[in-house]
Structures are given as structure tokens and as C-alpha cells.
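A.B. asks: There's a structure below that I have some questions on.
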């Protein structure tokens with residue numbers, strides 16, 4: 001099984017494969033081929049023709065049938081995931097209807113998934129033990145700032161350095177329970193792995 005992906009940020013280049021490996025191992029898919037993400041700036045990806053070019057660039061690297069496919073992950077920022085996500089998915093599927101594709105928008109940022117499992121971050125990258133899940137953990141606009149503010153070592157959170165490490169340890173079950181967008185991410189990865197909706 002091969003999963004190719006599209007991301008917008010530098011941190012996701014290593015964080016997303018880390019997270020995908022956790023999910024494939026959880027599903028006992030030990031030999032999954034997780035490709036290095038294809039990075040595209042958010043503005044370029046969202047504009048007309050952007051996601052189409054990205055999907056086309058990856059299509060030949062994943063099988064036309066069988067498990068696997070193309071996963072697009074980006075931050076929702078101030079956009080509504082329920083509007084932008086389906087629109088991007090429709091465009092991607094129109095560009096390459098012969099490839100299994102999923103589009104996930106983290107509400108509002110990838111790091112919101114860490115906040116959704118904040119109690120499980122203790123001891124990693126300067127995060128203290130005893131954190132609580134913030135109320136409405138997907139609402140904060142600056143999740144990176146929240147992580148910086150709560151670090152016990154006084155260092156700023158830096159996605160390129162910290163994102164993959166936190167992706168390795170945050171509690172998946174807790175994040176799924178507290179973050180609807182992470183729950184959708186897990187469902188969509190399951191769909192790419194199995195061809196079946198739901199997990």
C-alpha cells in the first residue's frame with residue numbers, strides 16, 4: 001500500500017509521515033509505503049488549478065486500484081472546512097478520478113490536534129505534565145502560540161523541529177474524541193487504506 005500526500009507547511013514534511021505510520025501500524029499494515037509529502041504553499045494549492053497540478057504530480061506514484069491513494073492535508077485557518085474541503089476534493093477527483101483521494105482540513109491548524117490531546121504531550125519537546133485539553137480546542141487561531149506559552153523549557157514551539165516529535169506521542173484516541181477534524185483525518189486515512197468509509 002502506498003500513500004502519497006500533499007502538505008503546505010515545512011513541519012508537516014516529517015510530521016505527517018510520522019502520523020501516517022502510527023495509523024498504519026495501528027491497522028497492522030507493517031509494510032505501508034508512506035511517501036515523502038509533496039509541499040505546496042496554501043495559496044497556490046487553493047487557487048484554481050493548484051490542487052489539480054499537485055494531484056497530477058503524485059498520481060503515477062500510487063496504484064490505480066487496490067489500497068492506498070493521495071491525501072491532501074492543510075490548515076483551515078479562517079476558512080470553513082465543511083465548505084473548502086469538499087470543494088477541493090471535488091476538484092482533485094475531477095483531475096484524477098482514477099486515483100483514490102482524500103482531503104482533510106485541520107480546524108484551524110495541524111497543531112490543534114495536539115491541543116486535543118494535550119494531557120498526553122507531557123515530557124516531549126518541553127511540554128509539561130498535567131496539561132488539560134483547552135475548551136473548544138479547535139477554536140484557537142494560534143495553536144502554535146499556545147504550545148509556546150505552555151512549554152516548560154522557555155523555548156518557542158517551532159514546527160520544523162517540534163511537530164514530528166509531538167506527532168509521535170500525542171494520544172490518538174483522545175485527539176479523535178476531542179477534535180472532529182482529526183476524527184475525519186483518521187476516517188479518511190482508513191478509507192485510503194481499505195477503500196471503505198468509516199473506521
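Every read-out reported here was derived from the displayed coordinates using simple, explicitly stated rules and does not represent laboratory data. Computed from a prediction, not measured in an experiment: that's the story for all the values here. Glycine also receives a Cβ, built like all others from the backbone with ideal geometry; neighbour counts cover every protein chain displayed.
A.B. asks: Take the residues in the range 1-45 that are over 11 Å from the mean Cα position of the chain (by Cα) and part of a strand (DSSP E or B); name whichever of them is farthest from residue 158 (Cα to Cα).
C.D. replies: Out of the qualifying residues, it is 2.
A.B. asks: Moving on. Among the residues of the range 82-121, what is the count of those that are assigned to a helix (DSSP H, G or I) and surrounded by fewer than 20 Cβ atoms within 10 Å (Cβ to Cβ)?
C.D. replies: The qualifying residues number 12.
Okay, residues lined up against (1) crowded, with 16+ Cβ neighbours inside 10 Å; (2) in contact with a helix residue (DSSP H, G or I) (Cβ under 6 Å, 6 or more places away or on another chain):
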| position | (1), (2) |
| --- | --- |
| 30 | no, no |
| 35 | yes, no |
| 40 | yes, yes |
| 45 | yes, yes |
| 70 | yes, yes |
| 80 | no, no |
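A.B. asks: State all residues of the range 133-160 that are more than 22 Å from the chain's Cα centre (by Cα) and assigned to a loop (DSSP other than H, G, I, E, B); if no residue qualifies, say none.
C.D. replies: Within the range 133-160, 151, 152, 153, 154, 155 qualify.
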